[in-house]
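> Can you keep this structure in mind? I'll have questions shortly.
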Amino acid sequence: MKILGIITEYNPFHQGHQFHINKSLEKSNADACICIMSGPFLQRGEPAIVNQWARTKMALNSGVDLLIQLPVTYSVRSAEHFALGAIKLLNSTGIVDSLCFGSELGISKILRDIAKLISDRPKELDLKIKKNMDQGISYPAARSKAISEYIEINSNKFEISASQAMNILNNPNNILGLEYMKALIKLKSPITPLTIQRKGSQYHSKKLNQLASASAIREEIRINQINNSILINDKIREVIPTITSQILIDQFENKLGPIFYDNFSTQILTLIRRTSSEELKKYENIIGGLENRIKEAANKATSIQELIDLINTKRFTKTRIQRILTHILLGLDQKTLNNFDQNGGPQYLRILGFNNKGRDLLKLIKENSTLPLITKVANHFRTNQNPNNLLQEMLNIDIKANNIYALAYPNKQKKQGNIDFFTNPIINIE
């Protein structure tokens, strides 16, 4: 049996995701598909529009056979850590043959060559990155510029020009693809990387069309909410699968969404206003006096968007700021994250849902996995105990993240915590 792995967020699941699954299965010639999916908080630092169990239902009805949650300690990190965490999970199953991801480029060899360059980290490249960062630009921009400069000097070693490299590195899905390949190289994984050229709107596009981005769909829902209109209107129904529409409508009717970053404005502002600048420095990526900028902005801002706008600079991008603010919200300090990073990354395979094929995959994983399987949280951690190992520490953070996310539900009765202890995997068996 050939097994395909994919990594995603499905926020929410749309036609582009369906295209990706279909083409990935075709390209990999796989018999089954395992998906690594983020939980309540995502790579760009934002909350998911609906919880992971609702998004699991979307995926199980659309070609995915088994879903495994990426712990929040990796789902709300830079592309490098997000990718490394997700690849570690796929690799640890012991049964995945190929990984297929979407990219703007659609050519895996070129991405692999750039990924190898980044992994080798020649001294000349490091010096160029440092020089670019000294000019006050963000690390991703500094690295992209340095890679382009390096390729220009060593053009005989590469199939692309410096300008082509810069163009590749200016596209978000290409960058994430590079990080997947880097992670495969680092872990010496036998998984074969494949890529499908991304179709439709750009990742950040707010244009609603047949292959609309998740950003455009969320924006339309947000506008409908502001205007007190039907949240899933005809415009949205036309650009998402029927099952996604049904699940979103069900979630919204039960007041379990939509969830937006604005829902956490008060909590984040409260935490920052009561935290000293010195204490803020304990969080990842708060460097170069950023703690003072965050503190000053929090005393002026009255909403999360205003806070982000006041902090945002050329060096500190919006996405980076969002991740930092979410780390503060979740209490994810640098020491905690470093501890996980230095001790192997993700500590478990937490199952979100499966179908008939997925049940067979679970049997294979039990026989081959290097990490423990979690289907019931209570079997690994209790509400009244303190974490006493890395697995329990990581799982406890996931539980806290869901507890905080639940506070944003419009349904007051659903705001209670510890949902992890009584929510079982979604089973879609016909």
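The values are calculated or read from the model by the stated rules, or taken from the named source; none is laboratory data. Everything numeric here is computed off the predicted structure, so don't read it as measured data. All Cβ positions, even for glycine, are placed from backbone atoms using ideal geometry, and neighbour counts span all protein chains on display.
> Within the stretch 53-89, which residues are more than 11 Å from CYS35 (Cα to Cα) and small (Gly, Ala, Ser)?
Passing the criteria: ALA54, SER62, SER75, SER78, ALA79, ALA83, GLY85.
> Does any residue in the stretch 301-322 that is more than 20 Å from SER215 (Cβ to Cβ) and at pLDDT 95 or above come within less than 7 Å, Cβ to Cβ, of a residue that is basic (Lys, Arg) and buried (at least 16 other Cβ atoms within 10 Å of the Cβ) six or more places away or on a different chain, and which pairs are these?
So the pair list comes out as ILE311/ARG293.
> Right, something else. Within the stretch 207-230, can one find any residue that is part of a loop (DSSP other than H, G, I, E, B) and of a type in the set (Asp, Glu)?
No, the stretch 207-230 contains no residue that is part of a loop (DSSP other than H, G, I, E, B) and of a type in the set (Asp, Glu).
> How many residues does the stretch 128-143 hold that are touching a helix residue (DSSP H, G or I) at 6+ places or on another chain (Cβ under 6 Å) and either of a type outside the set (A, V, I, L, M) or assigned by TED's automatic domain parsing to the domain that holds GLY288 (or both)?
Keep residues of the stretch 128-143 that are touching a helix residue (DSSP H, G or I) at 6+ places or on another chain (Cβ under 6 Å), which gives 128-129, 132-133, 142-143.
Applying the additional criterion that residues be either of a type outside the set (A, V, I, L, M) or assigned by TED's automatic domain parsing to the domain that holds GLY288 (or both) yields 128, 132, 143.
Result for the stretch 128-143: 3.
> I'm trying to understand the selection: among the residues of the stretch 368-384, which are out of contact with any strand residue (DSSP E or B) (no Cβ under 7 Å at 6 or more places or on another chain) and in contact (Cβ under 8 Å) with a residue 40 or more places away in the chain?
ASN368, THR370, LYS376, VAL377, ALA378
> Give the residue that is nearest to VAL72 (Cα to Cα), with candidates limited to residues of the stretch 341-351 that are surrounded by fewer than 21 Cβ atoms within 10 Å (Cβ to Cβ) and touching a helix residue (DSSP H, G or I) at 6+ places or on another chain (Cβ under 8 Å).
Only one residue fits best here, namely ASP341.
Yes or no, residue by residue, for (1) out of contact with any strand residue (DSSP E or B) (no Cβ under 6 Å at 6 or more places or on another chain); (2) part of a loop (DSSP other than H, G, I, E, B); (3) buried (at least 22 other Cβ atoms within 10 Å of the Cβ):
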{"site": "HIS20", "(1), (2), (3)": "no, no, no"}
{"site": "LYS27", "(1), (2), (3)": "no, no, no"}
{"site": "CYS33", "(1), (2), (3)": "no, no, yes"}
{"site": "GLN43", "(1), (2), (3)": "yes, yes, yes"}
{"site": "ILE49", "(1), (2), (3)": "yes, yes, yes"}
{"site": "ARG55", "(1), (2), (3)": "yes, no, yes"}
{"site": "SER62", "(1), (2), (3)": "yes, yes, no"}
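> Given (1) crowded, with 17+ Cβ neighbours inside 10 Å; (2) modelled with pLDDT under 95; (3) more than 30 Å from THR93 (Cα to Cα), identify the lone condition not met by TYR261.
Among (1) crowded, with 17+ Cβ neighbours inside 10 Å; (2) modelled with pLDDT under 95; (3) more than 30 Å from THR93 (Cα to Cα), TYR261 violates only (2).
> When the stretch 124-172 is examined, which residues are found to be within 25 Å of the chain's Cα centre (by Cα) and not in a helix (DSSP H, G or I)?
The answer is ILE137, SER138, LEU169, ASN170, ASN171.
> So, one more: Only one residue in GLU253, GLU220, GLU238 is acidic (Asp, Glu) and buried (at least 16 other Cβ atoms within 10 Å of the Cβ). Which one? Steps first, please.
Details: GLU253 fails: buried (at least 16 other Cβ atoms within 10 Å of the Cβ); GLU238 fails: buried (at least 16 other Cβ atoms within 10 Å of the Cβ).
None of the other options fit; the residue is GLU220.
> Please tell me if LEU90 is over 24 Å from the mean Cα position of the chain (by Cα) and crowded, with 16+ Cβ neighbours inside 10 Å.
The answer is no for LEU90.
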